[in-house]
Every structure is written in structure tokens, then in C-alpha cells.
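In what follows, a structure is listed as C-alpha cells, so that the remarks can point back to it.
The values are calculated or read from the model by the stated rules, or taken from the named source; none is laboratory data. Every value quoted in this text rests on a predicted model; they were computed, and no experiment measured them. Cβ atoms come from the backbone with ideal geometry, glycine included; neighbour counts cover every protein chain shown. These area figures cover heavy atoms from the full protein model, side chains too; ligands, DNA and RNA do not enter into them. Shrake-Rupley method; radii C 1.70, N 1.55, O 1.52, S 1.80 Å.
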Amino acid sequence: MTRPLVLSALGLILSSGSAALAQDAPSFPCLNPPTLGPTFPGDTLLSDQQSFNCFAWQEFIAVTWPQAGGDPGVYGDPGGGPTVFETFMTSAELMPPADYVAPPEAAEGVRQLARTAKLDGNFNPGTDINEATPATAWLADRDGNLVWYEILVNDAEADYIIGNQLFKAASQRAMVEDGGRIDLPMGVFNGSSGAAEFKAAWLSVTDPDDPRWTRYLTADAQFCSGTGGDQVCTTGTVALVGLHILHKTSSQPSWTWSTFDHVDNSPDQAQVDAGTLDREYRFYRESGCVEMPLPDGCVAFDHATTTSCLPNVSPAYALKDFQGGVVDPGSACQPYPIQVTRQFSLPSTNENPIVATNAAAQAMIAAANPDSVFQYYQLVNVLWADSPVDENAGATAPMAPLSEIAFRPALNAFKVSNPMLETYAQDVSCVECHSGATIKGGGGVDGVPSYASDYSFIFGMAQQ
């Protein structure tokens, strides 16, 4: 055989092998498959569940891309430094009180965490230890390690709020009473990003050298408690266990609502019921959970007398005695393991092929970087509207609640929630809460009308 023929034959063999590998890799069940790169999509021209699932993965990849840049071969390297979303402005920085004193400055790339609450903008040790509804409900993993929450906004949203001085309650009210409205910028296909909010759940890690954490995005963190110049902080490591991505686009003025978690977090309740657990989960023990009586001196929730081993039951008591952002080891009221299950299994239907979409995205990431932590994250679901309503297009500023019409998955049929961010309220979809968001004081005792704040709770956090 001549040299050219040998090379041709070899090329045929190699291309056939590559084709076989490509055929073995899961394919994306959508017309807009995500790619590995740092570009955050402003919008999508497609309008079906499959497309929004892939759109959500493109968003996730872009905001978890290394802030320092790099090619797909370094995407998700363990310990690879801060990601893009970690560089965004937090709600605490965006909505400071007039007498705000920043916590002690942390080194670059260190998360500054001061809350175990997703909604409330103030951290009050001992009384404001709460996650998304019900209030005063913290979350801890199988070893009693606390989950911390932070809310961040992208540059487009931060610029809008700062440029209009909407970190001040008076400016919010003046805007809507002078004929304006809270109308965050919308993303454009192949153009500007539009406003986006990110709600992250970070788990405290006490053994960061354990190999299990090479499956998670981890970060150095500074935990603070107290106020003003009296703040006391300690340092530690955290692992990302949940992430909401809320994104306002031209085709979705009522926003898209995507949520991700980690495959090792918690099992489906259906798996528990069937006895088919396939791994050890961080937030669930198949055996060994023991109910305990309330420690003396702890403030009980809902008249509880013991802790519970049932899944998704809010804590029996409040935490207190915070020192440097952590519960004093000498306190009787320590965090204890909370059993968590996913109430609604990940969809796997032709209409909503979340499971297949995750498999394709995880395979794509692993093929580019076998060590990438992001191959272990998964899309939980995406909420979007098939007949979206832009309520800011009217003649007057809209009042809350805003529209909950035509959302998919249908609100009355399937709930979109994240076990790490809505642990105790998984039967409520995101927009069912956010539709009621108002400007600071809206509908409250100060007589401020319930002017809507474009589905965002950020404005209600204004402290000035």
C-alpha cells in the first residue's frame, strides 16, 4: 500500500472512531445546544421547554466560567479560582443602610457571607436564622454544617439600580409616582445581557482536603456576625450546593427562572419510597437519624418538642450565640442534620427532557475537562411563559401582584423549586412568590401603595 493510501486508510479509521465516540455521547434534545464558553446569552429566539432547558445550561456555563478566562480544558478545575458570578455585586453591597460599615475587608476571591437567609437583607444573630419560607428555618447537612446564602446581581442590573439611585426607598417611590416604573433592562438575542439575579447556597466545609470536595465548586469564605464596627469574622471554606438564575429577556419580560443543584445533595422522595438510593447524599441519611429533645434554653419553632427525622421538616429551634459568623461551640443550640429530599423528581418526558439535557451537558463538560466540578451539577428545571406579559408596557406603573399567566411548567401541575433554596417550601414555584415583589414599603404600614418591582425582591431590601 502506498503512503497516501495508508494515510487515507488511517484517516478513515480515526474519523470512524471519532464518529463512534460522538454517537456514544448523549445528544442535546433541543435546537440550541449549549457550548462551552463565557458568553452569557441575552435571549433565545426559540420558545419551548426543550430550548429553555438548553438556554439555562448556557447561562450556567457562562456564569461559572473562570473569571480569569481560559479554554474549555480548564473549565471547572477544582480550586481554579473565582467564577464570573462570584464577582458580581451582592445585595448587601447594593442596598446598604445609610450608616453601613463594611465587614473587615477580605482577600480577593473570598466570599463574604453573613446570612443563613435567602430573603431578608439584614442578619440578626439568633433571630434571623432563616431560609426561604417559612421564616427562621436554617439548613444543615448530614454532619450539622450550615448552609449560607447570598444574592447577587449582574452588571446590567447593578448599573440600573445605582444609576437611578434605587438603593434609596425615596428614589423608588419618586420614580413610580412621577410616571416611571421599576423596569429592569431586558436581554437581547446576540446582544446585551439584560438584568439577571443569582441566589447561591453555599455549604460550610470543615474538611476541605477530603476528596469528596473535588466534585464541588469551592471557595474561601469569611463569615461575619454583628453590625457596623462591632462585626466579628472567621474564615473557612464553602461548597456550592444550589444556584438560582433569574434572567429578564426581550422574549421573556416576566423573566426566566432556572435553578441548579448538585447531584450529591439529596435523593428524590420517590427514590426513598422505592428504596433505590444509589449513593451517599450530603443532606440525607438512609439510616442513623435519631430524634432528639429540644436542648434547654433553645427557642422552639411551632411548639416543637423534638427534632425530626422526616424529610423537609423545618428546624425545631432557633440558633443563637453567634461568634464570628458561626455558632459558639459552647452553645446548647447547635445546628443538627436536616433530612432533605426532592419533592418533585427531575422531569424526563418528551415535552420536558431535563434528565436527557443534563446527561448531554455533563458529558460535554467531562469530555473537555475530566476533572471539571461542573459535570456534577444538574439543571432542576426552568420556568418560562409561553404567552409572556410585559406589565411595564402599560400607561401607569403596575401594582403587585404581577402576572402569573401562561407559565410553563404549568404552576398548578408542577412546581419549580430547589431543595437547597426552598427546602421547606418545595410546593411553591418561584414566580408565585416573586409576582408579589414591591418597592420598599409597598403595601406596608407606611401607606406606600403596592407598586410592583419587576418580580425582584432586591428593591424591598433598600435600607436608606
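Figures for the structure shown
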quantity	calculated
Condition check for Asp278: of a type in the set (Asp, Glu), assigned to a loop (DSSP other than H, G, I, E, B) and either open to solvent by 30 Å² or more (accessible area, probe 1.4 Å) or out of contact with any Asp or Glu (no Cβ under 6 Å at 6 or more places or on another chain) (or both)	yes
Test: residue in the range 426-441 that is in contact with a helix residue (DSSP H, G or I) (Cβ under 9 Å, 6 or more places away or on another chain), open to solvent by less than 20 Å² (accessible area, probe 1.4 Å), under 23 Å from Ala92 (Cα atoms) and touching a residue at least 40 places away in the same chain (Cβ under 8 Å)	yes
Residue match in the range 400-408 (condition: open to solvent by 10 Å² or more (accessible area, probe 1.4 Å), without any contact (Cβ under 8 Å) to a residue 60 or more places away in the chain and touching a helix residue (DSSP H, G or I) at 6+ places or on another chain (Cβ under 8 Å))	yes
Residues satisfying the stated conditions in the range 370-388, i.e. open to solvent by less than 10 Å² (accessible area, probe 1.4 Å), of a type outside the set (A, V, I, L, M) and not in a helix (DSSP H, G or I)	Ser372, Tyr377, Asn381
Members of the range 325-357 that are of a type outside the set (Gly, Ala, Ser), out of contact with any Cys (no Cβ under 8 Å at 6 or more places or on another chain), open to solvent by 40 Å² or more (accessible area, probe 1.4 Å) and in a loop (DSSP other than H, G, I, E, B)	Asp328, Pro329, Gln334, Gln343, Phe344, Thr349, Asn350, Glu351
Residue in the range 293-324 that is most open to solvent (accessible area, probe 1.4 Å), counting only those that are in contact with a Ser or Thr (Cβ under 7 Å, 6 or more places away or on another chain) and either among the aromatic types (Phe, Trp, Tyr) or at pLDDT 95 or above (or both)	Pro293
Members of the range 64-82 found to be in contact with a Leu (Cβ under 8 Å, 6 or more places away or on another chain) and surrounded by fewer than 22 Cβ atoms within 10 Å (Cβ to Cβ), listed by number	Pro72
Unmet criterion (only one of (1) open to solvent by 50 Å² or more (accessible area, probe 1.4 Å); (2) part of a strand (DSSP E or B); (3) modelled with pLDDT of 95 or more) for Thr235	(3)
Qualifying residue in the range 366-379 (condition: hydrophobic (A, V, I, L, M, F, W, C) and farther than 27 Å from Ile354 by Cβ)	no
